[in-house]
Amino acid sequence: MATTIQPPGIEERRAGSGNGGGRNFTPTHGRLPAVKDYSPPPASTGIWVLLFSISMTFLALTSALIVRQGAALDWQHLTLPRILYFNTVVLLASSITLEVGRRKAAAYLGPVAKSVLQPARWLYITLVLGMLFVAGQYIAWLQLRAQGLYLATNPNSSFFYLLTAMHALHVFGGLGGLVRVIRKLNRSVLRKTTLDATARYWHFMDVLWIYLLWLLWTRI
Amino acid sequence: MPFPHINMSSFWVTFAAFLALVASFFVGDGPTLGGWTQYAPLSAVGSVGGPGEGTGVVLWAVSIGLFCVGQLLGSLNFITTTLDMRTRGMSLWRLPLSSWAWFITSCMGLTAFAVLMPACILLILDHVAGTSFFVPSNLVINDQLQPHSGGSTLLWQHLFWFFGHPEVYIAIIPGMGIVSHVLITNMRKPMLSHRVLIYSMGALAVLSYMVYGHHMFVSGMNPISSLAFSFPTLIITIPSTIVVLIWLGSLYGAKLQLNSACLFALGFISMFITGGVSGFFLAQPSVDIMLHATYFVVGHFHMVMGVAAMFGIFAGTYFWFPKMFGRMMNETLGKLHFWLTFVGTYAIFMPFHYLGLAGNVRRYQAFVNDYTQRLIPVHQFITIAALFTGAVQLIFLYNLFHSRFWGTPAPDNPWEGTSLEWSTPTTPPPHNNFGDTLPVVYHDPYQYGVESSTGDYVMQTSPEQVKTAHDEA
Amino acid sequence: MHDTPAHAHVAHHAPPTSFIRKYVFSLDHKVIGKQYYGLALVAVVFGMFLSWLMRLHLGWTNLAIPGLHLLSENGAPGNIMTPEFYLQLMTMHATLMVFFVLTTAPFAAFGNYFFRFRWAPKICPSPISTCLRSG
């Protein structure tokens, strides 16, 4: 391969603008750089990006809460419905069952094929626990309503309903992801990266709920 | 790309947002009147605030909330593609500047839109659920005491402008990337410093989160915080200036091919400088007290963001139209469009600065004081310039649609560019972009001014080795 | 010395054939980019039209603009713009332009179209079942 080739008649107007003096960046010699052929799977990067933006949303809501608390004297602490703590345990349990199912599925995807029932079972349990969590949150709302605390009653109740509803909405998304994973597993078209990403999202919902529970407990 | 369904849904969510916004013209008593900034409490009190403040605000908030979701989905795709799905040989530093700009913009969008969305949700709740996040107590409108209690109007401003300032950089940074890309191709040499340009765009992105309070100097917040926001605002002028100086320095001594795309790229630089300079004044609280909410601000942001970004869009259109549609746009019409628009937009927006300095407040629909009445002839001049410039855009629209169907067929690489989009096997590109074989990248993105078998450039995908001046040194 | 290019073959999907899949609900980033561009074009024309209405009112406050009452019955009685209607037009002009033109066109439209040209689909080196095994 020739290193300098006489170009066939470059038009005058395009010749010799220079190349920036060659000081700008390293000219290449036609060799491939040592690029790692491995890059993170897109599902993995995608889920981290999604979790980051969800975090920003809840950070904005947190700052709204803090500012609103300091804005006026109408902040009336409410007692958190006890069922919230039960719901927390349910969500934590679902994370555990999901992790068990994920590892079993990973083993299934390895060289020694085992029965597909085992990981699927744990994923179904996770799904049920997730739905139980959402139902428990709805019961918490009903309990609050029974105390006469609605969305607009006072700022505390507003933020309570808002934060728990936003979280529950994202948990719904996680449930949808779980359903998708289960369906794919049953059809044997599940990728490990999909399962890992869905699990990571679910665990994040767990962490987010613990943070929200702490926020609600200390401020609301 | 990694998530094609998410990509598709991002467009349709954005389209739904557009429909929701336009629908506000046809419901109730019209669209909201609170400005695109929708300051509380006007935006949150409901229809007692005026026509369009009921359903109009809700539709606006729904539209913008949907828009945020759409952009978040899109940014998700961009970031994942950049980090995970580059072709073989494409290291990050071998990305063209336009791609770096889109990557930086999508990172910003991820953070900014994620904050506007909950703000819109809170606004909707204030309207439909009777909460009072943004409406304070003891507010009396039209002799009626409003039922809300305890909200913070400043909270909306903080939430909005935390999004709002990065948003204006989201609007301009892709333009910077497109303009850099177009200029390099037409200068036939790379930028003075490719990496510093990238670092500067990144610095703009990071700093943009720290300056948002400069929209709130007169909002009643603590004056010390005005100082805290003014300082980074002055600092952020540094990366902006570096970017401009790199452009100007690279242009020095270049033999430019002045096609329409290049003219619009140069126009972008001109608009960005002119509009940006007025920003220096507004960055200082003491000066901003006089100029806030006057036409000075309106002139500033129209030039630096409105017209500059439009010129970036035009530059991209003229540059990439041959690749997208396989036909060339009409060069004569393009140049005519440029010169008339360039003169026209200066004629519209330069007088705005004069109006602002003279004390003409913005968002007023009529002028009743004697000092503003004397400015009406200036407004009339601006109106005529605006109508003229608007009419000129018909040239562009005609060019766009005529060339789409009857333009000269375009070669694969009409501008002799080096980046990957010019190496597709057909023009317009086939469904899978590059045909059956994936491109492999051997070179940095802007190898112009070298001696190679193709002329004075070597494409990124060409395995040919070339000698550059650096080698000889 | 450089490597010989790996002519890796992509596990590519067949292009869509139905009109809906090709032009409406398309998964092709090029079509999505053009759709965004079209949206921005419509938004910019509408936004510019609104700005003309605003500017006419600012220059000549009591001007009767023919047909204005079609846009808003209450906002333009007798085709003369009320102050509130001016603010409504201004709000819509700004919202359309900032969101649906300036964010959509440079970033979403051109970005979606040309960003993907820097890249390649992730190479799946072997049939899809192996993909499952190795992720």
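What follows is calculated from the coordinates using simple rules that are stated; it is not laboratory data. All of these numbers come straight from a predicted model, not from anything done at the bench. For neighbour counting, all protein chains shown are included, and Cβ atoms are generated from backbone atoms with ideal geometry for every residue, glycine included.
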* **Charge sum, other residues only, whose C-beta stays under 14 Å from B:Ile198's C-beta, Lys/Arg counted +1 and Asp/Glu -1** => +1
* chymotrypsin sites (Phe, Trp or Tyr not before Pro) within region B:51-120, DSSP loop, no more than 11 other Cβ atoms inside 10 Å -> none
* Asked: When a footprinting reagent is the concern and you count Cβ atoms within 10 Å, what order do B:Phe325, B:Phe133, A:Phe160 take, fewest first?
  -> B:Phe325, A:Phe160, B:Phe133
* Percent RCO, i.e. relative contact order, over chain B, from Cα pairs under 8 Å lying at least 6 residues apart -> 13
* Could you tell me whether region B:226-343 comes out rounded, prolate or oblate from its Cα gyration tensor? Rule is a ≥ b ≥ c as square roots of the eigenvalues, rounded for a/c under 1.5, then prolate if a/b exceeds b/c, otherwise oblate. => prolate
* Structure fact -> Sorted by chain and then number, the residues having a modelled amide H within less than 5 Å of the amide H of B:Glu451, at least 5 places away or on another chain, are B:Lys467
* Asked: Which length gain, in nm to one decimal place, applies between A:Tyr211 and A:Arg121 when the Cα-Cα distance is subtracted from 0.36 nm times their residue separation?
  -> 29.5 nm
* Long-range amide H contacts for B:Arg327: which residues qualify at under 5 Å (H placed 1.01 Å from N, peptide plane, sequence gap of 5 or more or a different chain)? -> B:Ala410
* Acute angle (nearest 10 degrees) that the helix B:153-187 long axis makes with the longest principal axis of chain B, alpha-carbon atoms -> 20
* **Per DSSP, loop trypsin sites (Lys or Arg not before Pro) in region A:66-165 with at most 15 further Cβ within 10 Å** => A:Arg82, A:Lys114
* To do: Using packing as a proxy for protection, rank C:34-46, B:179-191, A:185-197 so that the peptide with the highest average count of other Cβ atoms within 10 Å comes first.
  => B:179-191, C:34-46, A:185-197
* For each of B:Asp370, B:Asp444, count neighbouring Cβ atoms within 10 Å of the residue's Cβ, then give the residues from fewest to most. => B:Asp370, B:Asp444
* Asked: Using the Kirkwood radius built from alpha carbon pairs, what does the Stokes-Einstein equation give as D for chain B at 25 °C and 0.890 mPa s, in µm² per second?
  -> 100
* Could you tell me whether the protein assembly as shown comes out rounded, prolate or oblate from its Cα gyration tensor? Rule is a ≥ b ≥ c as square roots of the eigenvalues, rounded for a/c under 1.5, then prolate if a/b exceeds b/c, otherwise oblate. => oblate
* Asked: Against the longest principal axis of chain B, how steep is helix B:223-251, in degrees 0 to 90 to the nearest 10, with axes from Cα atoms?
  -> 20
* To do: Provide the net charge surrounding C:Gly75, with neighbours chosen by a C-beta distance below 14 Å and charges set as Lys +1, Arg +1, Asp -1, Glu -1.
  => -4
* In whole Hz, with x marking every Gly and Pro, tabulate ³J(HN,Hα) for region B:389-406 from phi via Karplus 6.51 cos²θ - 1.76 cosθ + 1.60, θ = phi - 60°. => 5, x, 5, 4, 5, 4, 4, 5, 4, 4, 4, 4, 6, 5, 5, 4, 9, 10
* Structure fact -> If each part is reduced to its alpha-carbon centroid, region B:429-445 and region C:50-117 end up apart, in Å, by 42
* Amide N proximity, region A:206-220 versus A:Thr79 label position 7 Å along Cα-to-Cβ, cut-off under 20 Å -> A:213-220
* Once the Cα atoms of helix B:331-357 and of chain B are each reduced to a long axis, what angle between those two axes, in degrees from 0 to 90 to the nearest 10, is obtained? -> 30
* Asked: Per-residue ellipticity at 222 nm for chain B, helices alone: DSSP H runs ≥ 4 residues times -39500 (n - 2.57), over residue total, nearest 500 deg cm²/dmol?
  -> -20500 deg cm²/dmol
* To do: Quick one: what are the phi-derived ³J(HN,Hα) couplings along region C:85-97, Karplus 6.51/-1.76/1.60 with θ = phi - 60°, whole Hz, x for glycine and proline?
  => 5, 4, 5, 5, 4, 5, 4, 5, 4, 5, 4, 4, 5
* Using label points projected 7 Å from each Cα along Cα→Cβ, tell me how many nm separate B:Ala347 and A:Ala165, to one decimal. => 5.3
* Asked: Taking H as built 1.01 Å from N, whose amide H comes closer than 5 Å to the amide H of B:Ile141, not counting residues under 5 places away?
  -> B:Gln146
* Asked: Cβ under 14 Å from B:Val211's Cβ, B:Val211 left aside: what net charge do those residues give with Lys, Arg +1 and Asp, Glu -1?
  -> -2
